[in-house]
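The values are calculated or read from the model by the stated rules, or taken from the named source; none is laboratory data. Every value quoted in this text rests on a predicted model; they were computed, and no experiment measured them. Note that each Cβ is placed from the backbone with ideal geometry, even for glycine, and that neighbours are counted across all protein chains shown. For accessibility, only protein heavy atoms count, side chains too; no ligands or nucleic acids. Shrake-Rupley method; radii C 1.70, N 1.55, O 1.52, S 1.80 Å.
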Amino acid sequence: MRYGVRRGRCGAGLRGAGGVRRRRVVAGLALTGCGALLAAGCSPPGGAPPGAGGSPPGASAASPGASSGARVPGPPAKGSVTVTGEVAKGLDSPWGVAPLPGGDLLVASRDKGTISRVRTDTGAVAQIGRVPGVAPGGEGGLLGLALSPDFASDRLVYAYFTTESDNRIARMRYDEQRPPGQQLGAPDTVLRGIPKGLVHNGGRIAFGPDGMLYAGTGETGNTALAQDRKSLGGKILRMTPDGKPAPGNPEPGSVVYSWGHRNVQGLAWDADKRLWASEFGQHTWDELNLIEPGVDYGWPEVEGKGGRAGFRDPVAVWKTDEASPSGIAWAEGSVWMASLKGERLWRIPLKGAVPAAEPEAFLTGKYGRLRTVVALGGDRLLLVTSETDGRGSPQAGDDRILRLTVR
């Protein structure tokens with residue numbers, strides 16, 4: 001078990017923190033049915049060719065509360081997590097992770113503004129380059145990473161990062177033939193003007209099964225931005241690989257896909273191409289949301305389940321001390337959610353678009369704050385700790401990437 005004093009809750013703004021790490025799971029979970037969606041029968045993320053159609057995943061889904069009549073098998077009510085090894089250790093403020101063909105990893109350092117390659121067979125860590133223009137501070141810095149859907153041919157790495165003036169997304173060519181530490185080309189900015197702040201910068205990016213690039217953003221502590229449809233803050237964005245508004249978006253000419261978000265740091269698709277997102281609450285409820293285009297998720301009018309017309313309720317909620325969710329991944333019929341202040345990995349088993357059973361907590365307090373989860377296929381996950389982000393209590397060897405087997 002790990003012990004130490006907490007120094008805050010990443011993504012919680014000025015919400016209070018402190019106290020000794022807990023070794024128990026506190027009750028206080030609440031679930032809300034989100035209704036079955038029409039299944040779209042398709043491949044998992046990365047299985048579709050780039051640009052495969054303009055319709056976003058889930059765009060043809062039935063509204064929550066509707067039923068397709070199909071019987072969707074669910075995962076078992078009780079799951080399991082086994083830590084099978086340690087991929088790497090001694091990482092500085094790791095945030096985004098992008099698996100490379102062949103199994104190695106690219107890992108972003110939020111505070112250093114660098115990207116390193118981690119060899120998964122030996123644990124060796126080698127810096128491939130620094131992203132120019134990164135201005136770390138508070139919760140900002142070099143955040144999410146994603147590989148181009150055409151990475152095998154174009155070698156492009158996408159990064160979400162904070163500058164002196166904004167958050168933005170840029171892409172860089174990765175050239176392994178160049179000298180160590182100089183293997184990243186000059187950044188080509190594909191989207192700029194995402195609001196920045198000391199808190200709530202969002203930061204997760206991922207290519208969806210439609211070949212489009214998705215980004216989770218935060219409202220920077222300015223709650224009005226979440227409901228401002230002209231602002232890129234407090235949103236989930238959907239764009240082409242060149243940063244243009246994607247075909248089929250709710251409003252032509254806009255990259256905004258959904259709004260009413262406080263601080264989105266987790267994005268993942270299930271086997272039926274439904275998009276899920278984790279979101280920091282404020283004082284009461286953190287959320288797991290099922291994302292559909294053109295839907296308002298309520299912030300700042302609603303935190304957690306509100307049951308109010310015009311806003312979409314989350315599928316699951318947690319008391320803020322037990323979660324502070326960051327990255328999520330889909331595996332074995334469940335969403336797996338890394339928790340920062342909660343210092344645990346949550347399993348949310350789903351039957352289609354609704355909870356199949358109560359969420360379960362694993363690894364509580366054993367590895368400290370947890371930032372990122374990466375699905376490797378089947379029952380394999382990677383889990384990234386976040387003790388060196390200025391809000392943890394780092395111990396020898398932090399931060400780490402762990403190898404998990406889950407059920």
| What are the residues in the stretch 193-235 that are more than 12 Å from the chain's Cα centre (by Cα) and among the basic types (Lys, Arg), if any? | Lys196, Arg229, Lys230, Lys235
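Taking Ala88 as the residue in question, decide whether it is farther than 30 Å from Glu219 by Cα, in contact with a Gly (Cβ under 6 Å, 6 or more places away or on another chain) and among the hydrophobic types (A, V, I, L, M, F, W, C).
Numbers: farther than 30 Å from Glu219 by Cα: yes; in contact with a Gly (Cβ under 6 Å, 6 or more places away or on another chain): yes; among the hydrophobic types (A, V, I, L, M, F, W, C): yes.
For Ala88, the condition - farther than 30 Å from Glu219 by Cα, in contact with a Gly (Cβ under 6 Å, 6 or more places away or on another chain) and among the hydrophobic types (A, V, I, L, M, F, W, C) - is met.
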| said: Being part of a loop (DSSP other than H, G, I, E, B) and buried (at least 19 other Cβ atoms within 10 Å of the Cβ) is the requirement here; does Trp299 meet it? | reply: yes
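Of all residues being out of contact with any Ser or Thr (no Cβ under 6 Å at 6 or more places or on another chain), in a loop (DSSP other than H, G, I, E, B) and under 15 Å from Phe311 (Cβ atoms) in the stretch 275-296, which is least open to solvent (accessible area, probe 1.4 Å)? Just the residue, please.
Filtering the stretch 275-296 down to residues out of contact with any Ser or Thr (no Cβ under 6 Å at 6 or more places or on another chain) leaves 275-280, 282-285, 287, 289-290, 292-294, 296.
If we keep only those that are in a loop (DSSP other than H, G, I, E, B) too, we end up with 280, 282-284, 292-294.
This time we only want the ones that are under 15 Å from Phe311 (Cβ atoms), so: 292, 294.
Working: Glu292: 17, Gly294: 36 Å².
Ranking the candidates gives Glu292 first.
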| said: All but one of (1) in contact (Cβ under 8 Å) with a residue 24 or more places away in the chain; (2) closer than 21 Å to Ala146 by Cβ hold for Lys244; state the number of the condition that does not hold. | reply: (1)
| field | Any pair with Cβ under 6 angstrom, 6 or more apart, that starts in the stretch 68-81 at a residue that is farther than 19 Å from Ala271 by Cα and at pLDDT 55 or above and ends at one that is open to solvent by 40 Å² or more (accessible area, probe 1.4 Å) and part of a loop (DSSP other than H, G, I, E, B) | value | Ser80/Arg407
